[in-house]
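Only one structure is covered here, and it is reproduced in the block below.
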Amino acid sequence: MEEPSVMTSPDQDLASEQYAAQQYVASSSERVRDQVERYEATGGREGGTLEGRPVVILTMTGAATGKVRKIPVMRIERDGTYLAVASAGGAPSHPAWYHNLLANPEVRVQDRTTVHRLRAREVFGAEKAKAWQLAESRWPHFPEYRAKAGREIPILLLEPDRGNERASATSTRSPT
């Protein structure tokens, strides 16, 4: 299969180095493992949706292990900032990736063939209420998840790192 044609840059090389020195541990969920693999191999042409809605691949460092973790999350983006909703499908506890982002907020988001270096930040109050409006407009199951979770579902903004804005905005092909 032909690789997508995109630019590369020294900034992307730096982003790749952050994760290259760490060991990647694939998800214990076969569905997640397969979706991440297909998405990365095809630039999102395969594995790029959940129930017909687009997803992105979120790459982070594990809180306990320090190893690279990857998961698909709903593509909820506005003006270069992505939302990550820690709903776990309405489960009673937060997903493991939420704890990873709190411990290690520097992340990478692959949106089709474009990779962004971003920083995670949990939102509260009015900012969270606004984030819920956007999230629920993109994924119809969030109200159901909120009702059954029995916990406050966290929302994190994945936004350009203001200390490294130029690198965060760089668009390149994801390393595999």
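The values are calculated or read from the model by the stated rules, or taken from the named source; none is laboratory data. Because the structure is predicted, anything quoted here is derived from the model rather than measured. Note that we place each Cβ from the backbone using ideal geometry, even for glycine, and neighbour counts take in every protein chain shown.
Select from the stretch 23-61 the residues that are in a helix (DSSP H, G or I), more than 14 Å from the chain's Cα centre (by Cα) and of a type in the set (D, E, K, R) and list them in ascending order.
The first filter runs over the stretch 23-61 and keeps only residues in a helix (DSSP H, G or I), leaving 30-42.
Still in the list and also more than 14 Å from the chain's Cα centre (by Cα): 30-31, 33-34, 37-38, 41-42.
Correct list: E30, R31, R33, D34, E37, R38.
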- Return the residue satisfying two criteria in turn: it lies in the stretch 49-71 and is in contact with a Phe, Trp or Tyr (Cβ under 9 Å, 6 or more places away or on another chain) and over 21 Å from D161 (Cα atoms), and of such residues it is surrounded by the most Cβ atoms within 10 Å (Cβ to Cβ). V55
- Are there any pairs with C-beta distances below 9 angstrom linking a residue in the stretch 128-147 that is at pLDDT 95 or above to a residue that is of a type in the set (A, V, I, L, M) and in a helix (DSSP H, G or I), with the two at least 6 apart or on different chains, and if so which? F142/A135; Y145/A88
- State all residues of the stretch 66-111 that are within 18 Å of W139 (Cα to Cα), basic (K, R) and either in a loop (DSSP other than H, G, I, E, B) or at pLDDT below 95 (or both); if no residue qualifies, say none. R75
- Any hit, the stretch 39-48, residues being closer than 21 Å to L157 by Cα and surrounded by 14 or more Cβ atoms within 10 Å (Cβ to Cβ): yes
- Residue check, V6 more than 23 Å from F142 (Cα to Cα), modelled with pLDDT under 95 and surrounded by 15 or more Cβ atoms within 10 Å (Cβ to Cβ): yes
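Report the residue count in the stretch 55-111 for those that are under 24 Å from E144 (Cβ atoms) and among the β-branched types (V, I, T). Full working, then the answer.
Residues of the stretch 55-111 that are under 24 Å from E144 (Cβ atoms), as a first pass: 55-56, 58, 71-78, 82-99, 101.
Narrowing the set further to residues that are among the β-branched types (V, I, T) leaves 55-56, 71, 73, 76, 85.
Within the stretch 55-111, residues that are under 24 Å from E144 (Cβ atoms) and among the β-branched types (V, I, T) number 6.
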